[in-house]
Each structure stands twice: as C-alpha cells, then as structure tokens.
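The values are calculated or read from the model by the stated rules, or taken from the named source; none is laboratory data. Here the structure is a predicted model, which is why all the values come from computation and not from measurement. All Cβ positions, even for glycine, are placed from backbone atoms using ideal geometry, and neighbour counts span all protein chains on display.
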Amino acid sequence: MNSMMSALSRPAERSPAAEPLVEISGLTKLYPMEAGWLGKKRSWLSALEDVDLSVRRGEILALVGESGSGKSTLARLLIKLIEPTRGEIRYEGKNIFALSRPQVRRLRRKVQIVFQDPYSSLNPRHTVHQIVGEGISGLKPPARRSR
C-alpha cells in the first residue's frame, strides 16, 4: 500500500522531449438554447470554454468540479461521443475528430473514462457477491433462483 501511495504522490518521470499522449487545445463546447417566439432567437449555453491541457504517458488525470462544470462533457469529447464547437484533442499526435469509424473504435478500446456516479460505481467495501446480489435482490423469487 505504501508503494502505491508514494507512486501516486510523485509526478510521472518524463523526458523534456516526450510527446504528450493526450493534448487538448482551445476546446470549446456550446449547446444551442432556443428562446423567443418559435425559437427565432438563439442563445448558447457554454459547457466548456477554451480548455487546454496535456497528459503524458504514465500520468493520471482526475477531473474534479461542481455539478455542471463540464467534467462529463470533457469526458464525452475525449472519447468522441460528441463533437466540439471548436478546438481539438490529439491522442498519440492524431486529431481524434479527424479519425475514421474504425480508428475511433480502436481509440475507445485504449481510452477509459470512469464516471463517478455513486449509484452505478462499484463499492470497494463490498464483495462481488454483495454487488451482484444487490441487482438480483429486486427480481421475483423464481427469476432470482434461476440466476
């Protein structure tokens, strides 16, 4: 446990020439908001504005912020579930928004996003039996026996 904690408390070793694994520049995501009679006026809701960051191999990134601060939007952009209004994300030097469908599938096998939702996350204090049993407990008795 001590070795894990010490590894987490120090920055990843990197050479000055090391290329970022993930590089985000000028990333912005705006959502259109309809307003006025028949939606004639249009305003924009800013989910992310001009985000820049880079992550090198061996580094771990944790996004922390208030509800509505753009964490989930950034995660969805990172795996190309949504398109940005402007800006780019480069993974291994390639702009992910220019990737073909097969390339996006390969990207999604390499990049993992963990959404911290208390209702869908696994509780580390529970056994596998408790976690699986929680889902089964809502079934009717005949269905529960078959599981």
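What's the number of the condition R144 fails, among (1) surrounded by 12 or more Cβ atoms within 10 Å (Cβ to Cβ); (2) at pLDDT 90 or above?
Unmet condition: (2).
Tally up the residues in the range 68-84 that are in a loop (DSSP other than H, G, I, E, B), buried (at least 16 other Cβ atoms within 10 Å of the Cβ) and either of a type in the set (V, I, T) or out of contact with any strand residue (DSSP E or B) (no Cβ under 9 Å at 6 or more places or on another chain) (or both), please.
Adding up the residues that qualify gives 1.
Of everything in the range 90-110, what is within 20 Å of L48 (Cα to Cα) and either assigned to a loop (DSSP other than H, G, I, E, B) or of a type in the set (F, W, Y) (or both)? Give them in sequence order.
Residues satisfying the conditions are Y91, F97.
May I ask you to list pairs of residues, at least six apart or on different chains, whose Cβ atoms are under 6 Å apart, with the first in the range 45-72 being more than 19 Å from G26 (Cα to Cα) and the second being surrounded by 14 or more Cβ atoms within 10 Å (Cβ to Cβ)?
Hits for this filter: R57/L21; G65/K71.
Which is part of a loop (DSSP other than H, G, I, E, B), more than 12 Å from the chain's Cα centre (by Cα) and either hydrophobic (A, V, I, L, M, F, W, C) or under 26 Å from S46 (Cβ atoms) (or both), of G65, G87, G58?
G65
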